[in-house]
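Asks: Structure incoming, see below.
The values are calculated or read from the model by the stated rules, or taken from the named source; none is laboratory data. Bear in mind the structure is a predicted one, so any value in this text is a computation, not a measurement. We place every Cβ from the backbone using ideal geometry, glycine too, and count neighbours over all the protein chains shown. Protein only, heavy atoms only, side chains kept; ligands, DNA and RNA dropped before computing areas. Shrake-Rupley method; radii C 1.70, N 1.55, O 1.52, S 1.80 Å.
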Amino acid sequence: MSAADNWWVFPGFEIETVLSELDLPANIAFVPRPGPRPEDPLLYINGLYGTVTVMRNDGRADVYAGGLLNYEPDHKFPGTGESGLTGICVEPASGDLFLSMLYFDEDKVKARVIRTHSADGGLTMESYDTVLQNVPSIKAAHQVQACSIGFDGKLYVNFGDGMIDPKTAQDDGDWRGKILRLELDGNIPDDNPMPGSPIFAKGVRNPFGAAWRRSDQSLYIADNGPHVDDRVCRVTRGENLGWPDDLRRASVMWWNFCQAPTALDFNQTGSFSDYYDDELFVAVFGSAYVKGPTHKGKKIVKMSLSDEGGIKSYDEFVAYTGEGPASCCGLAFGPDGLYFTDLHGEFEADGQPSRGHLFRIKELT
Amino acid sequence: MNVPDIPENASRCICPNCPTYNDCMSSDKQNLFCSRGKSSCKIDSNGCICGECPVADQYRLNNLYYCEP
């Protein structure tokens with residue numbers, strides 16, 4: 001029996017296992033314009049505990065980088081184990097990766113973003129530059145999350161509020177609880193909303209996911225509420241997204257009962273048929289470690305957005321039916337379908353690497 | 001909703017995984033603060049994961065920092 005058999009999928013689609021034996025595969029980043037050769041990189045996956053895997057056009061996978069955390073993760077789920085290397089995106093022109101992660105500066109937990117470089121066409125990391133560092137953080141959720149490159153060529157970084165004091169999300173002198181906009185070298189763009197500040201928007205809590213929508217040239221994020229009001233937001237320049245006062249402010253939609261949305265992406269590259277054009281797909285993880293099917297999360301949902309700013313339709317698209325701790329975490333559209341990761345996979349022994357998977361969902365023709 | 005102090009709830013409690021859980025709590029094997037009440041230890045608030053707890057989910061708890069005096 002394949003791990004893919006543990007997932008129900010929307011009628012008219014099928015799931016197949018692409019990669020196995022991945023250690024806590026958190027997020028997926030496709031190469032925007034992959035090379036034509038079988039050995040050219042197609043996508044990268046960041047493992048939560050400091051590894052990056054590259055998968056080539058021919059399906060072979062190798063370690064691109066490892067040991068990116070300068071501390072030993074503790075595998076405590078839920079809790080302090082839900083932290084590490086979280087965000088990943090590929091710079092289109094160079095093929096460099098941007099990675100967001102925690103690090104320890106003596107006994108203090110901080111967040112940083114690095115830009116990696118490769119000397120072999122993107123198959124292994126040769127070196128990296130630090131783009132942003134020294135941001136106070138927490139060894140738990142609410143840390144630095146997704147990074148993405150906008151249609152304007154700038155780097156956008158989602159920062160959680162740090163969990164301890166929600167008011168940081170409204171403090172313009174603190175990068176926590178914000179969406180930052182940076183030049184690719186980490187400098188602050190001249191045309192940011194506040195001169196000399198990297199803040200593009202504020203008032204977010206735990207914004208795991210980020211995706212850019214072509215049809216309106218906008219950034220959408222998935223943000224996690226405390227026990228109510230998980231949400232999807234369209235992020236506009238200089239906007240206050242409400243946390244901690246009102247998580248529904250500026251939201252496209254919200255879940256009253258929390259489902260823990262993680263990654264999200266739009267069907268906008270022809271991966272699925274025109275019938276699903278521009279629909280939004282969101283991974284909802286649920287609780288941090290639960291075996292078997294559950295009422296919370298372990299799904300991918302799809303939505304059709306309305307021109308007025310809300311949603312027109314909402315469907316469960318994928319749901320877990322197995323007995324393991326697998327749950328949907330990373331998600332991204334590729335050239336031949338929707339890919340997602342299951343973080344813990346079907347089995348995880350205490351303190352041992354997980355055996356997560358990368359799956360692909362293809363539309364039946 | 002009151003949380004019963006029963007072995008099933010204690011076994012599902014995630015307090016020891018929390019960034020606020022400290023050596024004092026650990027040495028006394030304290031947990032299930034949502035049922036047993038606040039901790040007797042000095043606490044630095046380093047974040048709260050009560051919102052992720054399966055016990056809190058089952059009993060529909062909405063508050064945080066049940067351990068805090």
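Asks: Please express the Cα-Cα pair-distance distribution P(r) of the stretch A:167-259 as a list of whole percents, one per 10 Å bin, running from 0 to the bin with the greatest distance.
Replies: Spelled out per bin, shortest first, that is 18, 48, 29, 5, 0.
Asks: What is the pair-distance distribution P(r) of the stretch A:224-365, computed from all Cα-Cα distances in 5 Å bins starting at 0, with each bin given as a whole percent?
Replies: Cα pair-distance distribution for the stretch A:224-365, in percent: 2, 10, 18, 20, 19, 15, 10, 5, 2, 0.
Asks: In Å², rounded to the nearest 100, what is the total accessible surface buried by chains B and A against each other with a 1.4 Å probe? Don't skip to the answer; put the middle values down first.
Replies: Working: alone 4450 and 14470 Å², together 17740 Å².
For chain B against chain A, roughly 1200 Å² becomes buried.
Asks: Using only alpha carbon pairs under 8 Å that are at least six residues apart, calculate the relative contact order of chain A and give it in whole percent.
Replies: Relative CO of chain A lands at 16 percent.
Asks: Take chain A, connect every pair of alpha-carbon atoms lying under 10 Å apart with a spring to form a Gaussian network, then pick out the residue of A:Glu72, A:Glu316, A:Glu279 with the largest mean-square fluctuation.
Replies: A:Glu72
Asks: Let me ask something else about it. Which trypsin sites (Lys or Arg not before Pro) does chain B hold that lie in a coil by DSSP with at most 10 other beta carbons within 10 Å?
Replies: Listed in order of number, the matching sites are B:Lys29, B:Lys42, B:Arg60.
Asks: With the other protein chains left in place, how much accessible area per residue, in square angstrom, belongs to chain A at a 1.4 angstrom probe?
Replies: 38 Å²
Asks: Related question: Name the residue from A:Tyr289, A:Val235, A:Met253 whose Cα lies farthest towards the positive end of the charge dipole of the stretch A:180-331, charges +1 on Cβ of Lys and Arg and -1 on Cβ of Asp and Glu.
Replies: Checking the options against the dipole of the stretch A:180-331, the answer is A:Tyr289.
Asks: How about the stretch A:26-73: which chymotrypsin sites (Phe, Trp or Tyr not before Pro) there lie in a loop by DSSP and see at most 15 other Cβ atoms within 10 Å?
Replies: Passing both the DSSP loop test and the Cβ count: A:Tyr71.
Asks: Return the average number of partner chain Cβ atoms within 10 angstrom of each residue Cβ along peptide B:50-57.
Replies: Per residue, the average neighbour count from other chains is 6.
Asks: Same structure again: Percent relative contact order of the stretch A:1-80, based on C-alpha pairs within less than 8 angstrom and at least six residues apart?
Replies: That works out to 19 percent.
Asks: What residue among A:Asp23, A:Asp120, A:Asp129 has the largest mean-square fluctuation in a Gaussian network model of chain A, using Cα springs under 10 Å?
Replies: Fluctuation is largest for A:Asp120.
Asks: With a point put 7 Å past each Cα toward its Cβ, work out how far A:Gln133 is from A:Asp216 in nm, to one decimal.
Replies: Roughly 3.8 nm, to one decimal.
Asks: Taking the Cα centre of chain A as the origin, how large is its charge dipole in debye, to the nearest 20, when only Lys and Arg (+1) and Asp and Glu (-1) carry charge on their Cβ atoms?
Replies: Roughly 500 debye, rounded to the nearest 20.
Asks: Can you give me the relative contact order of the stretch B:7-58 as a percent, contacts being Cα pairs under 8 Å and 6 or more apart? Don't skip to the end; give the middle numbers.
Replies: Values: 44 pairs, mean separation 24.2, N = 52.
Relative contact order for the stretch B:7-58 comes out at 47 percent.
Asks: A:Glu21's amide H: which non-local residues (gap 5+, or another chain) put their own amide H closer than 5 Å, with H modeled 1.01 Å from N in plane and none for Pro or chain starts?
Replies: Placed amide hydrogens put A:Gly356 under 5 Å from A:Glu21.
Asks: How much accessible area per residue does the stretch B:7-58 have, counting only protein heavy atoms and a probe of 1.4 Å, in square angstrom?
Replies: Normalised by residue count, the accessible surface of the stretch B:7-58 is 49 Å².
Asks: To the nearest 20 debye, what is the magnitude of the charge dipole of the stretch B:7-58 about its Cα centre, counting +1 on the Cβ of each Lys and Arg and -1 on the Cβ of each Asp and Glu?
Replies: 160 debye
Asks: Debye sum, Cα scatterers, the protein assembly as shown, no solvent: what log₁₀ I/I(0) at q = 0.08, 0.09, 0.11 1/Å?
Replies: The Cα Debye sum returns log10 ratios of -0.41, -0.52, -0.80.
Asks: Also, I was wondering about something else. Debye calculation, C-alpha points only, no solvent: report log10 I(q)/I(0) for the stretch A:283-365 at q = 0.13, 0.14, 0.15, 0.19 Å⁻¹, in the same order as the q values.
Replies: -0.47, -0.53, -0.60, -0.87
Asks: Provide the gained length on full extension for the span A:Asp315 to A:Asp58, in nm with one decimal, where the gain is 0.36 nm per separating residue minus the Cα-Cα distance.
Replies: Working it through step by step, the gained length comes to 89.2 nm.
Asks: Separate question: Using a Förster distance of 22 angstrom, determine the FRET efficiency expected from the C-beta separation of A:Asp336 and A:Phe151, and round it to 0.05.
Replies: Working: r = 24 Å, r/R0 = 1.07.
Efficiency for this residue pair is about 0.40.
Asks: So, one more: Report the calculated FRET efficiency for A:Ser2 and A:Asp172 (r = Cβ-Cβ distance, R0 = 51 Å), to the nearest 0.05. Mind showing how you got there, number by number?
Replies: Values: r = 50 Å, r/R0 = 0.98.
With R0 = 51 Å, the Cβ-Cβ based efficiency is 0.55.
Asks: Sticking with this one: Measure off, as a whole percent, the carbon and sulfur share of the 1.4 Å-probe accessible area of chain A, all protein chains present.
Replies: Looking at chain A in its full context, I get 47 percent from C and S.
Asks: Taking the square root of 5 times each eigenvalue of the Cα gyration tensor, what semi-axes in Å does the equivalent ellipsoid of the stretch A:76-160 have, largest first? Write down the numbers at each step before the final one.
Replies: Details: eigenvalues 115, 41, 28 Å².
With the √(5λ) rule applied to the stretch A:76-160, the semi-axes are 24, 14, 12 Å.
Asks: Taking just the alpha-carbon atoms of the stretch A:1-40, what radius of gyration and Dmax come out, in angstrom?
Replies: Looking at the stretch A:1-40, its Cα Rg and Dmax stand at 14.0, 35 Å.
Asks: Once Rh for the stretch B:7-58 is found with the Kirkwood sum over Cα pairs, what is the Stokes-Einstein diffusion coefficient at 10 °C and 1.306 mPa s, in µm²/s?
Replies: Rounded, D is 141 µm²/s.
Asks: Show which lysines lie in cross-link reach of B:Lys42 when reach means a straight Cα distance below 30 angstrom and same-chain residues fewer than eight apart are skipped.
Replies: A:Lys76, A:Lys108, A:Lys110, A:Lys139, A:Lys167, B:Lys29
Asks: For chain A, set up a GNM with springs between Cα atoms under 10 Å and report which of A:Lys167, A:Lys108, A:Lys298 has the largest fluctuation.
Replies: Evaluated over chain A, the most mobile residue of the options is A:Lys108.
Asks: Sticking with this structure for a sec: Computed over the Cα atoms of the stretch A:150-306, what is the convex hull's projected area averaged over all directions, in nm²?
Replies: 10.2 nm²
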